[in-house]
Each structure stands twice: as structure tokens, then as C-alpha cells.
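Only the coordinates and a few stated rules stand behind these numbers; no lab work does. Nothing here was measured: the structure is a model prediction, and the numbers come from that model. Please note: Cβ atoms are built from the backbone with ideal geometry, for glycine as well, and neighbour counts cover all protein chains shown.
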Ligand code: GDP
Ligand code: MG
């Protein structure tokens, strides 16, 4: 029979391999204490994946320096296993003097690239190199309504070429819709003026379709989110939300906040791309630099 060869079965073959092997996803959360980092990550992955606030004994026991803590969990849905690692950075931005507070975080990110590189150049290479590289850095902006702080600018300036940064406005239920929109606009403007490129970076759009899709996302960023681990009854349904003077803010209701937008973007549409940009661009930059040092 002439005609069909079967090239399109590659998709099914890839699906089977992914089902068997599972995949790694490593997400880092950065921002001052109390901005709702742990809560949001738990909301994103619907479980207690980030427990540091309890472990740290609440607000009174702040670490004296930035500590970096990675915790892994295996999450399974529809037969696909994801090894999720949440990298928390308690202490970031909590000091009186926050000069160079991006340094320990930059060091951690580069150490993961170095680990991967060591494995890659090994003669007896592992069939599958464990991937601890940070695929996404969620940067929490305080909902001040004014502007970015020097600390925010410094951090993103120093790291935007090393890791995929997704800036988000934390605890956005503390702002009115007008304040929120104004603040979002101002933050976007400031990022542009400072030359900070966040993910998805314009220069890595593959084609017009990519560009059009990502333009829409970039124009909507930074997403103003709300996190919660409490459920409320709304119209006979149990929903995650926060009770305020105006009623329950529903975390997953796109009219109430942009949590669902963020989740769809990070997990449902761009997870694979976050991994690819990390490998093909950020890791590659690191690798080229390191191999140059050695060769020269
Ligand atoms: P972290 O220190 O950044 O990890 O912050 P936590 O997740 O521990 O949250 C600190 C406090 O803020 C807790 O009391 C949370 O219930 C509260 N919180 C978390 N997310 C939100 C939010 O979106 N809006 C408001 N209003 N409070 C939040
Ligand atoms: Mg926390």
C-alpha cells in the first residue's frame, strides 16, 4: 500500500518514553518573607510542597543570611510523573543591608550548571543526567502600588541572563483593581527602562505564532496573583479563596485574580519551553564560558 509511512507515530513514541521516564521540573521562589511564596507554590501544585514557614517557626526566626533549600516531590497525573523540586530562598531581602543579596542565589544556579557540565564531560556518562538546574525563578514583587524597589531591580538585572525569571505581583488582593492595573503598568515600564528581560524573552520567540502568543503574555505580565490554602463554599462549589471585606476572592477565578493565568502559563503551556530555554540558552551560555576558560 502506497502513501502512509508512519512518521507521525513519533508523537506516540515520545509520549510513551515520557510516561516511562517522567521528567524533572525545578522552580525557585524568591522574594521577601511574608509575600506568600510558600502559599502560592502550594496553591500551584495543590499540595503541601513548600513548608518552610512552619519549619522556620513563623516570622520571629528569620535566617541571618539567604539560605537555599531544595525540596523534591513526585507528582503524578494521568500516568505522567513529574519530579518537582521547589527551591526556596528564605532570608532574601530581609536584611537591613541587602547589597549583593542576589549573589548566593546566582551562585546556587551556577553550581547546578556546573554539576550538569561535570556529568556531561564525564567519560562514563550517565544515560540520563540528573537535572537540578533551575528552570524557572518566580520573583515575588511586593504589592506596594508604588514602584519596584532597588532590591528587585538589582536581583533581576543580575540574574535575567542566567535563569528564566517570571516576575509576579504577590498578594494582589490587597490592591483595588485600578491600583493593580496601574501598578502592573508601572512595573512593566520600569523593567523595560532598566533593560530587564523576563521570561518569555522576546529574542527567543521561534516564529510569528510564538511571537503573537508570547506578546499577549508579556503584555499581561507581571501576573497579579493571590494564593490560598483555604477552601470556601461559593455557589455550592468548594473553591480555594481568601475571605475579605468584599467577599471571597476566588483564587482560580480569572475575574478575581491572575492565578489561573500564571498556572496555565507555567504548567500547561510553557513548562517544556522553560526547560528548553534553560538547556539551550542559559546552560549553553554557562557551558561555553567554562569551556573557554579551560581552553584558553
Ligand atoms: P512566604 O514567607 O513568602 O513563604 O509567605 P507565606 O506563604 O508563608 O505567607 C505569609 C502570610 O501571608 C500567611 O499568613 C499567608 O496566609 C498570607 N498570604 C499568602 N498569600 C497571600 C495572598 O495572596 N494574599 C494575602 N492577603 N495574604 C496571603
Ligand atoms: Mg515561605
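What full-extension length gain, to one decimal in nm, is calculated for residue 267 and residue 81 as 0.36 nm per residue of separation minus the Cα-Cα distance?
65.6 nm
Under the Kirkwood approximation for Rh and a Cα-based Rg, what ratio Rg/Rh is obtained for the stretch 131-205?
When Rh is taken as the Kirkwood radius, the ratio is 0.99.
Between residue 95 and residue 290, what is 0.36 nm times their sequence separation minus the Cα-Cα distance? Round to one decimal in nm.
Extending this stretch completely gives an extra 67.0 nm.
For a Förster distance of 51 Å, can you work out the FRET efficiency between the beta-carbons of residue 5 and residue 192, rounded to the nearest 0.05? Don't skip to the end; give the middle numbers.
On the way: r = 48 Å, r/R0 = 0.95.
The pair residue 5/residue 192 has a calculated efficiency of 0.60.
If each Cα of the stretch 227-296 is one equal point scatterer, what is log10 of I(q)/I(0) from the Debye formula at q = 0.18, 0.22, 0.23 Å⁻¹?
Cα-only, vacuum Debye calculation for the stretch 227-296: -0.76, -0.92, -0.95.
Rg(Cα) of the stretch 192-246 divided by 2.2 N^0.38 Å?
1.75
Which number do you get for Rg(Cα) / (2.2 N^0.38 Å) in the stretch 150-272?
Ratio of Rg to 2.2 N^0.38 Å for the stretch 150-272: 1.16.
What full-extension length gain, to one decimal in nm, is calculated for residue 204 and residue 19 as 0.36 nm per residue of separation minus the Cα-Cα distance?
63.8 nm
With n ≥ 4 as the cut-off for DSSP H runs, can you work out [θ] at 222 nm for the chain, using -39500 (n - 2.57) per run divided by the number of residues, rounded to the nearest 500?
Using -39500 (n - 2.57) per qualifying helix, the result is -11000 deg cm²/dmol.
Once you have the alpha carbon radius of gyration of the chain, what is it after dividing by 2.2 N^0.38 Å, with N set to its residue count?
1.07
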